[in-house]
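Asks: I have a structure I would like to understand better, so I am pasting it below and will then ask my questions one at a time.
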Amino acid sequence: MLRGHRPDTARKRVAVIGLGRFGSSVARVCHELGYDVTAIDIDERRVAEAADYATLAAQADGSDEEALLSLGVERSEVGVVGQGQNIEASISCALILKRIGLPWVIAKAETELHGEILVKVGADRIVFPESEAGDQVAHSLEIRHLVAYMNLTSASGVARMEVPATAVRQTIGQIDTARPNICIVLVQRGNLLLPRPLPDTILEAGDVVLVAGLDEAIDAFADS
């Protein structure tokens, strides 16, 4: 079994619309991590290439709601809009994904303005591919409060995030005991940095932490 692969009982559905360099990278790594991937593009060649790593690869217009519904996209937990260069199609796709009920939509944006519009139509997370690669997005697919992520192996990485509500007023030692598969290696409190924080360091609301560990453990901590 591929390292980091999710067991069949925990497979989650991901729909990736737009299979350019960014979208195909997200789809390929999601497949390697064990997600059930639906890969969609208007280009027949890209769809044919995606057949090697997608559960379902289909040629369709990502801004066609009926086409997306016919492919069962509404059953996906996460939708990734990778067709950033066609801004109108990107916005339409993000809007449709939210309208048909996807709980989490990640959209690629080409400019800050494009990103702002995507947020307005409901996208939950905006990605600028010049600063965040497709494989990084795939590894951090479910981390809702993520600021930045860097994968170290196929199943682990380092994430920078705001302290989750459940961790506020807890000490580093308490978190180490409760969550042995992650390690808080740095705390940022305003302009103050606390590298290698001591076990009795108490986390405060608004702190930003650098967390290393297994992807699933980071997911669970960030969503707690």
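Asks: Just the residues that are under 30 Å from F128 (Cα atoms) and buried (at least 16 other Cβ atoms within 10 Å of the Cβ), please, taken from the stretch 163-182.
Replies: V163, P164, A167, I182
Asks: Would it be correct to say that V78 is surrounded by 16 or more Cβ atoms within 10 Å (Cβ to Cβ) and farther than 21 Å from W104 by Cα?
Replies: Here the answer is no, as V78 does not meet what is asked.
Asks: Hey, which of the strands (runs of 3 or more DSSP E) in the stretch 108-224, taking only ones fully inside, have at least 1 residues that are at pLDDT 85 or above and over 20 Å from C30 (Cβ atoms)?
Replies: 156-162, 182-189, 192-195, 208-214
Asks: Counting only residues that are on the phi < 0 side of the Ramachandran plot, among the small types (G, A, S) and part of a loop (DSSP other than H, G, I, E, B), how many does the stretch 34-80 have?
Replies: Qualifying residue count for the region: 6.
The values are calculated or read from the model by the stated rules, or taken from the named source; none is laboratory data. Everything numeric in this text was worked out from a predicted model, so none of it was measured. Every residue, glycine among them, receives a Cβ derived from its backbone with ideal geometry; neighbour counts consider all protein chains shown.
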